[in-house]
Every structure is written in C-alpha cells, then in structure tokens.
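**Student:** Below is a structure I'd like to ask you about.
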Amino acid sequence: MPIANHLKFPRSLAKLRLTVLSAIGLLVSMSPVWGADGQVAEASGLHWIDWLMIFIYAAVVVWIGYISSKRKGTASDYFIGGKGIGSTVIGISMFVTLYSTISYLNGPGEMVRYGWGKLIGDVVAAPFGYLFVIFVLIPVLTRKRVISAYQLLEDQLGPHVRTLGAVIFIFMRMIWMSVLIHFGSVAIVVILNLEPGAEPVVKIVTGLIAITYTTMGGLRAVMITDTLQFIILFTGVIATILIVTLHFKGFSWVPTERLPHWEDQPLFSWDLTVRVTIIGAIIQSFFFDIMSPGSDQTQIQRFMATTDIKHARRAFLTRMVGLISTTILLGVMGLALVSFYSVNSSLLPEGKTFLNYGDQIFPYFIAHELPVGVTGLLVAALFAAAMSSVDSGVNSITAVFMTDFLDRYHSPPENEEVHKRIAKRLAFTIGIIVISVSMLVPWVPGNFVEVTARTIQVFIPILFGIFCMAFFIRWSTPFGVLVGTCYGVATGIIVPYWEVFTGQEAMSYVLYVPFIFIGQFIPSCLLSWLPTRGKSPGVLFGMAAVALLPLALIIVWVASL
C-alpha cells in the first residue's frame, strides 16, 4: 500500500505502552525520593498514596483504550465511535474536549488576579449560545452524515475551500494541543516542586499517555475517558471548595465587596483597551459558544456520533450544563483561594502575590494545602484536563487528514483493518508532533487567558466565518471566501499582536474573536459579489491581487507605526 509505506511503526502497540510506562518512571525519578515513613519529601507535597492514585488513573485510561481497540468496526467507526454511545456521554465529551487544562487553571486564576467580570460574561452568554446552536446550527450540520466536518464545505464552495478549512483546522488544533500540554506541565511542575527544566519531561509523559489510549481505541475510547475525566475534574473542584470552607468553619470566606487588587471591570466602555468589560466578555463568550460547535471538527465529529437531531440537541444541552456549572464552580473556587491566602499570606512563596502568581495559586494550593489522597486526585485531574483535549485533538486531526487528504487523493485500502491501522499510526505521528510544538509555547507572552486568546482563538473565528459563508450566504463564492480569509488571517495577526508590532496599547483580549470574525466575514461577503464565474485562472489571479491591495496598504500602515 503506498500510504502505509510512508508510515513506519512497530507492529505491536506493546512497545508504545512500554514507552509510556518508562516516561512515567522518568517523571517519578525526577521528584523527591520516598522517605522511610512512606512520604515524599515535604517540598513535593505528594504522599505515596497520591502517586498511587495518579498511576491508577493513567493505567485505567490506557486500559480503556486497549478494550476499545478490541471492538470490531470500520475506519469510520474509529472516527465517529460506532453504535451504542449515549447522548449524555457524547455531550460530556463535547464539554471536556474544550474545557481543558487552560479552563481548569485560568478559571480560578482569572478570578484570583482580576475578579469576576469574565465569569459573568461566560454564564450570561451561555443560554443565548445554546439556543443559537440547537435551532440554527445543528439542523444544518446534521443534514449530511460525514466523517470530516470540512466535507460539508465542498457542496457549496468547492474542493479548494474544503481543503482550506481542513488546513486551518489542523493548524489550529495542533497549536491548541501544544498550548494545553504546556500549561498542564507548568501546573504539574509547581505541584511537584520540580525545576522549570522538568517541563519537557512532564509534557512527554502527558502526551504519550493520551496518544496511547487514543491511538488504540479511537473516538470511543476518547469519549469514555472524557466522561471519567469530567468526574475527576468536578470532584477536584468540589473538594477544594469544601476544604477551604472547613478551614474557615463556614462560608465567611465569601467576599462581600470587590477586592482591592482587582481591576475595575465596568459594564461597558468605549475604550477598547479596557481589559475586561461585562458586555465585552458576554460578546466574546457568545461567539465562542457558537463558533466551536459550528466549525470545529472536535465538536461536529460528536454531532455525527449521535443518531439524529433530537439526540444531537440533547448532547449539546449536556455540554452547556457542564459548561455553566463548572464555570461557576471554578469561579467560586477562585474566590475561596483568594480568601484563604489573604488570611494565610505567609503560606505563599516569598515575593509571590495575587498579581504575579495568580495562575499558579491553584496548583500551589493543591501541592501544599490538601490532605493525602485529595492531592493525588487533583494532580490526576490536571493530567485529565490536558489529556481530554489532546486525545480529542489527535483523533479529530487524524479523521480530517485521512478523509480530506489521504483518502481523497489516494485510493483507500480495500481492507478496513489496514485502513484502521494507517489511521492509528497517523494518530501517533500527530501526537508526537504536538508534543514537540508544545516546547515553543513559552515564547508567547501573557497569562493563561491571554496566551489562549493570542493562539487558539485566532483561528476559530476565521474557520467559523468560512462555515457561515457556506451555510448562510447564498451568493458566496470560492473566490470571495479564499481572498476574504486572507483578510481574516491578517486581522488575526495584527489585532492580538498590535502591541508587539506598534508598541502601542492593544485592545482587550475579549474583543479579539469578534474583530477577527468581522475582518474575515465582511470581506468574504463583499468579494463574493464580484463576477468570477467562468473566469480563467489568470484573470482570477489579477482580481485577487487588486482585491488584496487594501490589505497590503493596511499592513504597510501598521509597520510604519
């Protein structure tokens, strides 16, 4: 087979599992040694029971992947899960896939450092996003059952736009997974009291475990482990809030006024540089709530795993309930941590404050304040948050690459087992690439929330704009979408990195998503009015050059500032 010849791997996944266990052993060897009393050295904060819980969790998810791999099925089943998966499990998987390490850490981190403005925006926007998705997007997306979401673009806008959508998704999710692995490793390093140089090892461990069960079990293993990870994440947050409440012997830790170190977060401001306004946070959250289900393979793939529109809507309801409840709980936990360390400020490392240590306070609390067993649970939860997004991303990118490129431009193998084997090998390759790219994330400036806005969220509005053109704009043309996407990409570079390019204060990160969407969608609509049907490639190239002239002038202007 010509495709398989380019993908050389061990014939047995036993070697892959051995690699994972070896990586875990390497991580353990970098932590403090166990003392005679069975406890890890004090700086680590981990008892042998905590390590046992972490190892049990890792073993369970690999076992789930192994069991799922034993199921008979086609390559299509490998990517959409096959039969017998309920809408509740699918909905939980949709939620956990996007509510990852970043959310688990930046929820309380944002509350600790800046206040509750972003939390309010997320919660208020959720019902509006839910209604838009179930009544507008789901009926459109589920009319045709596909493996890759970007097959849906070809019917309206042709093969070139389908390829464009697939490329943007692959690039976006590779960056996304890399960011998640990086932030998860930062938290683990804090908890284990390791040197910063240990981050690469933690990234390798987390990535290899996720790659192992994803490669073996496909989407079925991903969704089952996502459900397990959701339970762990939820339990960890509840445990933290409960422990702080017991420490205060009640709910006296709940603040009754805005804390002195919090920035002012007004309802609305015409000053676009104000970091967070309530209205701005609502707008960003609404766009994000509809853009991911409306253009992201990780979400649309799960809609395809449902049996009909009714079950798709039920799955999305589960996703949104999980989103709202966990967002609130993480915000409440952030308040609890602020109160705890306001009273016990001496417990923080020397020189660390809410302003310069906000993102690390939750991991630090896990390592130093929680009882034996609970710490292990929350470390497992952090691993779970990272792996829940890595597994989904790897599986989804593999589905897109196989469907939109390999099977499209090469004759797929007649034997389904060979087809599945190629998919598994490709998933392993993608995972290794993601781990490698995660080593570059520290170069992006900002806290957890801001780094996310400057990386992951740059691509989502561009991709959603392409889907909007395909589904809702009747006069859309491939020319208009392709050239309009150039405007969107430029907006996605200029707006988030305005301060880097110009030295001037940038607009609020909560406005990136709507501005990038507008920067792509409006040019696509306008350029689709041009009479391009039947034109030769030379003429179309000349029209594109003229259409991109305003963009070139904008870039020159920005460079001159």
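The values are calculated or read from the model by the stated rules, or taken from the named source; none is laboratory data. In this text, all values refer to a predicted model and were calculated from it rather than measured experimentally. Using ideal geometry, Cβ is built from the backbone for each residue, glycine included, and neighbour counts are taken over all protein chains shown.
**Student:** State which residue is farthest from LEU131 (Cα to Cα) when the search covers only region 284-316 and only residues that are part of a helix (DSSP H, G or I) and over 19 Å from the mean Cα position of the chain (by Cα).
**Tutor:** Among those residues, the one meeting the criterion is MET304.
**Student:** Against the conditions (1) touching a helix residue (DSSP H, G or I) at 6+ places or on another chain (Cβ under 8 Å); (2) closer than 30 Å to SER438 by Cβ; (3) at pLDDT below 90, where does ALA59 fall short? Just the number, please.
**Tutor:** Only one criterion is unmet by ALA59, namely (1).
**Student:** If ILE120 satisfies every condition in (1) within 25 Å of ALA315 (Cα to Cα); (2) surrounded by 21 or more Cβ atoms within 10 Å (Cβ to Cβ); (3) of a type in the set (Val, Ile, Thr) but one, which is the exception?
**Tutor:** That leaves (2) as the condition not met.
**Student:** Kindly evaluate PHE251 against the criterion of being farther than 29 Å from LEU378 by Cα and of a type in the set (A, V, I, L, M, F, W, C).
**Tutor:** No: the conditions fail for PHE251.
**Student:** GLY538 passes all but one of (1) at pLDDT 95 or above; (2) farther than 24 Å from ASP271 by Cα; (3) assigned to a helix (DSSP H, G or I); which number fails?
**Tutor:** The number of the failed condition is (1).
**Student:** Sort out which residues of region 339-369 are in contact with a Pro (Cβ under 7 Å, 6 or more places away or on another chain) and either modelled with pLDDT under 85 or buried (at least 23 other Cβ atoms within 10 Å of the Cβ) (or both), and write them in order of number.
**Tutor:** Scanning region 339-369 gives a single hit, PHE362.
**Student:** Are any residues in region 513-537 within 21 Å of GLY117 (Cβ to Cβ) and touching a residue at least 60 places away in the same chain (Cβ under 8 Å), and if so, which ones?
**Tutor:** VAL513, PRO514
**Student:** Just one of THR240, THR227 is outside any loop (DSSP other than H, G, I, E, B) and touching a Pro at 6+ places or on another chain (Cβ under 9 Å); which is it?
**Tutor:** From the options THR240, THR227, the qualifying one is THR240.
**Student:** Okay, moving on. Sort through GLY331, GLY322, GLY280 and tell me the only one that's part of a helix (DSSP H, G or I) and closer than 30 Å to TYR150 by Cβ.
**Tutor:** GLY322
**Student:** Looking only at region 388-396, decide whether some residue is more than 25 Å from LEU152 (Cβ to Cβ), of a type in the set (Asp, Glu) and either at pLDDT below 75 or touching a Cys at 6+ places or on another chain (Cβ under 6 Å) (or both).
**Tutor:** no
**Student:** With LEU548, LEU463 as the choices, which residue is surrounded by fewer than 23 Cβ atoms within 10 Å (Cβ to Cβ), at pLDDT 95 or above and not assigned by TED's automatic domain parsing to the domain that holds ILE300?
**Tutor:** LEU548
**Student:** Of the residues GLY492, GLY465, only one is small (Gly, Ala, Ser) and within 30 Å of GLY331 (Cα to Cα); which?
**Tutor:** Only one candidate passes the filter, namely GLY492.
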